[in-house]
Amino acid sequence: MIMLIVIVGCIAQYYERGAVASAAVVCYMLTAFIGGFVSAAMYQTLGGEKWAWNIFLTALSFTGPVFGVWCINNTIAWGYGSTSAFPFGYIVLLFGLWACITFPLTVLGGIVGRRRSQKRAETKGRTFPCKTNRLARQVPSCHWYQAPATQLVAVGFLPFSSIYIELHYIFNSIWGSKIYTLYGMLLLAFLMLLCVAATVTVLFTYFHLNAEDYRWWWRSFLSGSALSIFFYAYCIYFYFQTGMYGLLQSSFFFLYSAVVAYGLALVMGCVSFGATFWFILYIYSSIKVE
């Protein structure tokens, strides 16, 4: 949503300092309902029972670490007397927005998603196309190219290679004096990133299923999240190419880069898991049981 706003020029035409960050906060608050809905619906589909804890963790899974990193950087900025430190009133305002808007929307979306998943299961009779064995089968040994480590490296490196060039310009714009204007190319690179990550994860999942390895759920999520490792490695490389020094600059760069890497891990993990989940449903629904 923010990328589309920037492309049409709504922010670029009436640009003020912090406009993109403010738009990000507003978009995150307004889309909290979708996050709670998808999380609770998927949790109910997979047979989860502690749905209240699931909704609570959904509300804190991203904002919790971000708030912790923000507190550390804000404290360091206060100690240095930097103008980048947020005043106490602004912190109270953001916490109030999260407590009064984001968290209730997440809970509401979770309740609606859980009920809809229950109604769908009652209507269709069963959620999945075929039954599974109660006893887990023994997973045979696999080749090196079918190992989980190989999948994490491949699924992390291939999508990263599709955005490597754009990262160079984005980092020069954020941490340097350059101005980034190629938002159309950024949108195409992001879409290509999603397609490459989903495709490679599904491909490796198919290899594992052929090798009689059915443990695809966490492996698919971690495969998409592996992109964040390469992203943070590039952050470390970029830091040593700049003239940054001192505790203030280093803490801002590394901690906020860690926040972006964590958010990227959540996004890509969800995309890879979702693509793999629908792929599993498709191939098993095509099986003819006699």
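The values are calculated or read from the model by the stated rules, or taken from the named source; none is laboratory data. Note that the coordinates shown come from a computational prediction; the quantities given were computed from them, not determined experimentally. Here Cβ is always computed from backbone atoms with ideal geometry, including for glycine, and neighbour counts include all displayed protein chains. Accessible surface is based on the protein model in full, side chains and every heavy atom, while ligands, DNA and RNA are left aside. Shrake-Rupley method; radii C 1.70, N 1.55, O 1.52, S 1.80 Å.
At a glance:
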{"read-out": "Whole-Hz ³J(HN,Hα) from phi, Karplus 6.51 cos²θ - 1.76 cosθ + 1.60, for the range 267-278, glycine and proline x", "value": "5, 5, x, 5, 5, 5, 5, x, 5, 5, 4, 5"}
{"read-out": "Cleavage-rule hits, trypsin sites (Lys or Arg not before Pro), the range 57-130, DSSP coil, Cβ neighbours within 10 Å at most 14", "value": "ARG126"}
{"read-out": "Residue-normalised accessible area of the range 39-93, given per residue in Å² at a 1.4 Å probe", "value": "61 Å²"}
{"read-out": "Within the accessible area of the range 211-252 (1.4 Å probe), percent carbon and sulfur", "value": "70 percent"}
{"read-out": "Equivalent ellipsoid semi-axes, the range 158-290, via Cα gyration tensor eigenvalues times 5, rooted, Å", "value": "36, 16, 10"}
{"read-out": "In the range 23-54, chymotrypsin sites (Phe, Trp or Tyr not before Pro) in a DSSP loop with at most 14 other beta-carbon atoms within 10 Å", "value": "none"}
